[in-house]
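*Asks:* The following block contains the structure, expressed as structure tokens.
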Amino acid sequence: MRRGGSRGRTSRTARRASDTPAVVYPPKEEPLEVYGTIRQVFPSTMFSVELENNTTILAHIAGRLRRHHIRILPGDRVDVEISPYDLTKGRITYRYRAGEPKRT
């Protein structure tokens, strides 16, 4: 019966952590934060959002809003994060209450 984590290797052939090269990834690009208004509601928590510059994108709800059951309806003002790689899709990160001023 074998013991230990060598999986059949002897101490001479066991791998060390320093033998494997470290993988270095490029830094992630930051998402673009924009302000918009919900125009249309689609199934499975997808929304059509009109941004301040009059472009329309497709956005889904962020997990935090989904977890707290934040209801989003047409006409609501929202903050959206847009990926710098695909400017037609985004994530709704905040829903403004009625009369609440825009965050900076």
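A short reminder: the numbers here are calculations on the coordinates, not readings from a lab. Values in this document were obtained by computation on a predicted structure and should not be read as measured data.
*Asks:* What is the set of long-range amide H partners of Thr93 at a cut-off below 5 Å, with H atoms built 1.01 Å from backbone N?
*Replies:* Asp79, Val80, Glu81
*Asks:* Which shape class applies to the stretch 44-103: rounded if a/c is under 1.5, otherwise prolate when a/b exceeds b/c and oblate if not, where a ≥ b ≥ c are the square roots of the Cα gyration tensor eigenvalues?
*Replies:* In terms of gyration-tensor shape, oblate.
*Asks:* Calculate one ³J(HN,Hα) per residue across the stretch 81-91 by plugging θ = phi - 60° into the Karplus curve 6.51 cos²θ - 1.76 cosθ + 1.60, and present them in order as whole Hz with x for glycine and proline.
*Replies:* Using θ = phi - 60°, the values come out as 9, 10, 5, x, 8, 9, 7, 9, 10, x, 10 Hz.
*Asks:* What ³J(HN,Hα) values, in whole Hz, does the Karplus curve 6.51 cos²θ - 1.76 cosθ + 1.60 give for the stretch 68-74 when θ = phi - 60°, with x put for Gly and Pro?
*Replies:* After applying 6.51 cos²θ - 1.76 cosθ + 1.60, I find 8, 6, 6, 8, 10, 10, x Hz.
*Asks:* In whole Hz and in residue order, list the ³J(HN,Hα) couplings for the stretch 97-104 that follow from phi through the Karplus curve 6.51 cos²θ - 1.76 cosθ + 1.60, θ = phi - 60°; x for Gly and Pro.
*Replies:* Once θ is set to phi - 60°, the couplings for the stretch 97-104 become 6, 4, x, 6, x, 5, 6, 9 Hz.
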